[in-house]
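Working notes, structure below.
The values are calculated or read from the model by the stated rules, or taken from the named source; none is laboratory data. Bear in mind the structure is a predicted one, so any value in this text is a computation, not a measurement. Virtual Cβ from ideal backbone geometry, glycine too; neighbours counted across all protein chains shown. Calculation scope for accessible area: heavy atoms of the full protein, side chains included, ligands and nucleic acids excluded. Shrake-Rupley method; radii C 1.70, N 1.55, O 1.52, S 1.80 Å.
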There are 2 protein chains.
Amino acid sequence: MTNAPSWFNEQVDYSGSSIGFRVTKKLHEEQSAFQKIEIWETTDWGNLMVLDGCIMLTSRDNFLYHEMMAHPALFSHSNPKRVVVIGGGDCGTLREVLRHREVESAVQVEIDERVTRMAEQYFPELCEANNDPRAQLLFDDGIAYMRDAAAESIDVIIVDSTDPVGPAEGLFNEAFYQTCYKALRPGGILVQQSEPPLTQLALIKSMRQLMRQVGFAAVRTIPFPQPAYPTGWWSCTMARKGADLSGFRERGAYSKPFATRYYSADIHKAAMILPEFLREALGE
Amino acid sequence: MTNAPSWFNEQVDYSGSSIGFRVTKKLHEEQSAFQKIEIWETTDWGNLMVLDGCIMLTSRDNFLYHEMMAHPALFSHSNPKRVVVIGGGDCGTLREVLRHREVESAVQVEIDERVTRMAEQYFPELCEANNDPRAQLLFDDGIAYMRDAAAESIDVIIVDSTDPVGPAEGLFNEAFYQTCYKALRPGGILVQQSEPPLTQLALIKSMRQLMRQVGFAAVRTIPFPQPAYPTGWWSCTMARKGADLSGFRERGAYSKPFATRYYSADIHKAAMILPEFLREALGE
């Protein structure tokens, strides 16, 4: 609780690497029903949210992740009306989703209400769309939500979760993907954060295999930079029901009526190009 | 000097962020005439080289940097015969340069011979082209080398240096760029590592402005992932003498007779697409 800078450091077991930020003070700490939540003030990255010791986001670089979790999937769908975000308690993905006028309803299903309350206080810019009449914020178990979802009722499901250990483990298996597949309308898209491409290739391959196994017709993995996450290089994986993922609403993306800082129609095309080692490993 | 894992951590003042790797032992440490050199064994990233506390490379991820420092520039040149690498003592960039059959001579001008000797011992795969008859390894001051270089004698200059402080400071100013401009043949290309796009935008803008100021006709900045460097997201900036940088030898890149792990002709095109915030900031 001092103003002399020190460092918050996350040592990541699975990657054997660490990421840290210079911090000036701890703004908040609590143990919620699900996890330990910390908010730090940093010298260069705005505020920092940490869950159970894992860096979740900073004010400065979260736009990379949130834009890439939302826009490639939404512009790949021909008419995304009903969107569900599983996790995503900081509301940043929800905000990006609601930039799309086609979206009629966006439901965020976050298990830990305290994460959203902290985001409202320390990352208010991410919550600016929370009062949009199209938004619905539920604080519930995303796995149960998808299990109970009506068949063919959703256009885009965005799984914006923590790592596949602990509470989020059940979001990376066949049973969960089955519920997503069933709940999606034909042409519907599931997109899920899929960890660092350089170090978690085995996980990405397993996710893609399970997605195909439950019936998805096409799967694509998109890498993007994300300084606050292990290795600084992250990915999301999209799966589509009954249609391919080779194109997207290019005209819509070129003339989108909202500003972005990373995503653009050209970046969409560029992001679909995989580095050689990934292309070979994923058989694309 | 223990085998129980600990962490090597680099706290980066200019970015307010840190990067680290889990290490098992220090393989070597010395104070050369120029800097403190450390070599560590890591649990997940092979060997790690550190100069004056700054992480230079790991066995696992250096391919990203070395490929992107060499191939975009060499495939952007119509016929790169004479290449000079300033810095680059680990020899990884030199190796990538020598994969190009068109190259008749590649001179590496590294100020600290001990860096190369350490690379030979701890990163032998990067040094496998050092005995190529086209290669010349000089241990000398790159600034002086460029000052004394014959006019219009070089096709591609690759500045593969440390950060723009200390020994490398003189590689980021107008006087140095002037010597590079003079030494390049018409159509020649200068490419320089240009730090993290998210946090060092001011430096990138200044480099580009100085490059244009000394006469370069076209300037392009290319971002790429690099886990071992601050923010995990790095860039290089290319400048061309008397010609633009809008195209490249696409057919040559598609049919290149050597394997790469990141670079490809498609990645070349994708890498030229800038994220929105960079495109706006750089006025492209």
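Considering the range B:42-53 alone, what residues qualify as being over 25 Å from A:PRO196 (Cα atoms) and surrounded by 15 or more Cβ atoms within 10 Å (Cβ to Cβ)? Answer for the range B:42-53, where residues must be over 25 Å from A:PRO196 (Cα atoms) and surrounded by 15 or more Cβ atoms within 10 Å (Cβ to Cβ): B:LEU51, B:ASP52. Select from the range A:128-158 the residues that are acidic (Asp, Glu) and touching a residue at least 40 places away in the same chain (Cβ under 8 Å) and list them in ascending order. Correct list: A:ASP155 only. Please determine whether any residue of the range B:137-151 is under 16 Å from B:GLY215 (Cα atoms) and modelled with pLDDT of 95 or more. Yes: the range B:137-151 contains one or more residues that are under 16 Å from B:GLY215 (Cα atoms) and modelled with pLDDT of 95 or more.
Annotation: of all residues in the range A:69-88 being part of a loop (DSSP other than H, G, I, E, B) and touching a Leu at 6+ places or on another chain (Cβ under 9 Å), the one that is nearest to A:GLU152 (Cα to Cα) is A:PRO80. For the residues A:GLN192, A:GLN200, A:GLN209, the requirement of being over 24 Å from B:ALA265 (Cβ atoms), in contact with a Ser or Thr (Cβ under 6 Å, 6 or more places away or on another chain) and away from chain B (no Cβ under 11 Å) singles out A:GLN192.
Once the range B:226-256 is narrowed to residues that are among the aliphatic types (A, V, I, L, M) and under 16 Å from the mean Cα position of the chain (by Cα), the residue that is farthest from the other protein chains (Cβ to nearest Cβ) is B:ALA239.
Residue count for the range A:257-283 under the criterion of being within 11 Å of chain B (Cβ to nearest Cβ), open to solvent by 20 Å² or more (accessible area, probe 1.4 Å) and without any contact (Cβ under 8 Å) to a residue 24 or more places away in the chain: the result is 8. Criterion first (among the acidic types (Asp, Glu) and either within 18 Å of A:ASP163 (Cα to Cα) or open to solvent by 10 Å² or more (accessible area, probe 1.4 Å) (or both)) does A:ASP90 satisfy it? When the stated conditions are applied, A:ASP90 passes them.
Of all residues in the range B:54-75, those satisfying the criterion of being away from every other protein chain (no Cβ under 14 Å) and open to solvent by 10 Å² or more (accessible area, probe 1.4 Å) are B:CYS54, B:MET56. Restricting attention to the range B:219-263, which residues are within 25 Å of B:THR42 (Cβ to Cβ) and either among the acidic types (Asp, Glu) or in a loop (DSSP other than H, G, I, E, B) (or both)? Scanning the range B:219-263 gives B:GLN226, B:PRO227, B:ALA228, B:TYR229, B:ALA259, B:THR260, B:ARG261, B:TYR262, B:TYR263. Filter the range B:107-149 down to the residues that are closer than 10 Å to B:CYS180 by Cα and of a type in the set (Gly, Ala, Ser) and list them by number. Matches in the range B:107-149: B:ALA149 only. Counting the residues of the range A:18-38 that are within 18 Å of B:SER17 (Cα to Cα) and touching an Asp or Glu at 6+ places or on another chain (Cβ under 7 Å) gives 9. Every listed requirement among (1) farther than 24 Å from B:GLU10 by Cα; (2) open to solvent by 10 Å² or more (accessible area, probe 1.4 Å) is met by B:ALA239 save one, (2). Residues that are open to solvent by 50 Å² or more (accessible area, probe 1.4 Å), within 11 Å of chain B (Cβ to nearest Cβ) and free of Cβ contacts under 8 Å to residues at least 24 places away in the same chain within the range A:6-41 comprise A:SER6, A:TRP7, A:ASN9, A:GLN11, A:ASP13, listed in sequence order. Scanning the range B:264-284 for residues that are part of a loop (DSSP other than H, G, I, E, B) and over 21 Å from the mean Cα position of the chain (by Cα) yields B:PRO275, B:GLY283, B:GLU284. Considered as a group, the residues in the range A:100-145 that are among the aliphatic types (A, V, I, L, M) and open to solvent by 30 Å² or more (accessible area, probe 1.4 Å) include one that is farthest from A:LEU57 (Cα to Cα), and that residue is A:ILE143. With respect to the conditions (1) outside any helix (DSSP H, G or I); (2) under 30 Å from A:MET272 (Cα atoms), B:ARG208 lacks only one, and its number is (1). Among the residues of the range A:165-216, those identified as open to solvent by 30 Å² or more (accessible area, probe 1.4 Å) and of a type in the set (D, E, K, R) are A:GLU169, A:GLU174, A:LYS182, A:ARG185, A:LYS205, A:ARG212.
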